[in-house]
Structure formats: structure tokens, C-alpha cells
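First the structure, in the form of C-alpha cells, and then the observations on it.
The values are calculated or read from the model by the stated rules, or taken from the named source; none is laboratory data. Bear in mind that the values here come from a model prediction, so they are computed numbers and not experimental data. Please note: Cβ atoms are built from the backbone with ideal geometry, for glycine as well, and neighbour counts cover all protein chains shown.
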Ligand SMILES: CC(C)(COP(=O)(O)OP(=O)(O)OC[C@H]1O[C@@H](n2cnc3c(N)ncnc32)[C@H](O)[C@@H]1OP(=O)(O)O)[C@@H](O)C(=O)NCCC(=O)NCCS
């Protein structure tokens, strides 16, 4: 499904049962960004519906078992995820809603591999643009998306509601 992951990792589409596993890693993987308010915001951004109704355009990466594993991780241990979808409204657009990689795997191309697969999926459905947003404090996300060829907006005050400022990203797939 994603052929350029580091050895020992495998990808599949998520299912509803994966929802609690993903919620359980958010705090560790986001490193407590924006404190308790940030944790609440993140949990609310990822309700179960994404694991019920957006599964075919989303990915889960797990540590492989047996001889393909690295021996350091349990079989099936969560390594990364991407929750995305094709816009219902704009036939040119696809959207990455949430992406996370285990900090132990940062900098090894897992995030890039997830996006590459999502770009292919979006292209094969005739989509031209991929959009996503992050908070102004998430400078790592801004650096990552810039490296992947996204254009980055200035901070957009109250974009997601009062006090919920955002930076928006767009990648042209053409
Ligand atoms: C952002 C995140 C998904 C990147 O995943 P990753 O697997 O470490 O990224 P990759 O190894 O695929 O890196 C791809 C490119 O981005 C760059 N990059 C990644 N993180 C970076 C950082 N913190 N600062 C600068 N550049 C960074 C890499 O150097 C690489 O560039 P290169 O290929 O030209 O060398 C990961 O850091 C993460 O999960 N962070 C916490 C959750 C989060 O903030 N998610 C995004 C907002 S919803």
C-alpha cells in the first residue's frame, strides 16, 4: 500500500477499532504542544467518525511482525497515521486532516511516504490541490509541509473559531 516506508513498517487503511489506539498516542506524539488546552483540542479534532467514514483515504502504519520486524517493537504497534479525505464540495481538492509519526521514527521519511501515497490517491481521483492546516505554534509541522512543497499562509486569526488561529497549507499536484 505504501512501498517506500522504512524496513519493518507496514501500512493499511484504518478501521473503527483503531480509534482508541490513535487517541492514546496523541499527547506523546505531539509532545504536549499548547498544554492541556492543546490536548483537548487535538482529541476533539479526531472523533470516531474519521475511523468510520474516511477510512479508504486514510492510512495507519504499524510495526511488522516476525522476521520482518525490528525486534524492538511489539507486533502491530502503532508507528504513524494520516487521516485525509477527498473534498465533497470541491472536485479539485483533497484534505489532510491529521498526521502523526512516532517521535522515535521522526526524520526517517515516514511522514513523506504517507503524503506521497495520499498525493497519488488524490491524483488518481483527479484532484489538483491538497490542503491542510496547523496551529501557528506548530513550527515543526510548518517546516515539514514546506519541505514537501506546500505553500504556507500567514497566520489566519480565528480561522477555526475564536482564539483558534491557524496557518494553512496548499500543495499543487500538477
Ligand atoms: C511533522 C511530522 C509528521 C513529520 O514526520 P517525519 O516522518 O518526521 O517527516 P519526514 O522524515 O518524512 O521528513 C520529510 C521532510 O520534512 C523535514 N522535516 C520533518 N520534520 C521537520 C522539522 N521538525 N523541522 C525541519 N524539517 C523537518 C525533513 O527534514 C524532511 O526533509 P528532506 O526529505 O528534504 O530531508 C512529525 O514530526 C510529527 O508527527 N509531528 C507531531 C505531530 C504533528 O505536528 N503533525 C502535523 C500537524 S497535524
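Residue 149 meets the conditions (1) more than 15 Å from the chain's Cα centre (by Cα); (2) within 12 Å of the ligand (Cβ to nearest atom); (3) crowded, with 17+ Cβ neighbours inside 10 Å in every case but one. The failed one is (3).
Every residue in region 125-143 that is over 21 Å from residue 57 (Cα atoms) and surrounded by 13 or more Cβ atoms within 10 Å (Cβ to Cβ), please. Even if it seems obvious, please write down each step before you answer.
Pass one, region 125-143, residues over 21 Å from residue 57 (Cα atoms): 135-140, 142-143.
Scanning region 125-143 gives 135, 136, 137, 138, 140, 142.
So that you can scan it fast, the table gives a plain yes or no per residue for (1) within 9 Å of the ligand (Cβ to nearest atom); (2) without any contact (Cβ under 8 Å) to a residue 40 or more places away in the chain:
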{"position": "48", "(1), (2)": "no, yes"}
{"position": "61", "(1), (2)": "no, no"}
{"position": "76", "(1), (2)": "no, yes"}
{"position": "85", "(1), (2)": "no, yes"}
{"position": "94", "(1), (2)": "no, yes"}
{"position": "133", "(1), (2)": "yes, yes"}
{"position": "160", "(1), (2)": "no, yes"}
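For region 47-61, how many residues are touching a strand residue (DSSP E or B) at 6+ places or on another chain (Cβ under 6 Å) and outside any helix (DSSP H, G or I)? Full working, then the answer.
Initial filter on region 47-61 (touching a strand residue (DSSP E or B) at 6+ places or on another chain (Cβ under 6 Å)): 50, 54, 57-61.
Within this subset, residues satisfying the condition of being outside any helix (DSSP H, G or I) are 54, 58-61.
Going through region 47-61 one residue at a time, the tally reaches 5.
Quick check, is residue 89 at pLDDT 95 or above, more than 9 Å from the ligand (Cβ to nearest atom), loosely packed, with under 15 Cβ neighbours inside 10 Å and closer than 28 Å to residue 149 by Cα? When the stated conditions are applied, residue 89 passes them.
Scanning region 7-46 for residues that are over 15 Å from the mean Cα position of the chain (by Cα), within 16 Å of the ligand (Cβ to nearest atom), assigned to a loop (DSSP other than H, G, I, E, B) and over 16 Å from residue 138 (Cα atoms) returns 7, 8. Listed by position, the strands (runs of 3 or more DSSP E) inside region 65-174 whose residues that are farther than 16 Å from residue 12 by Cβ number at least 3 are 93-101, 129-134, 167-172.
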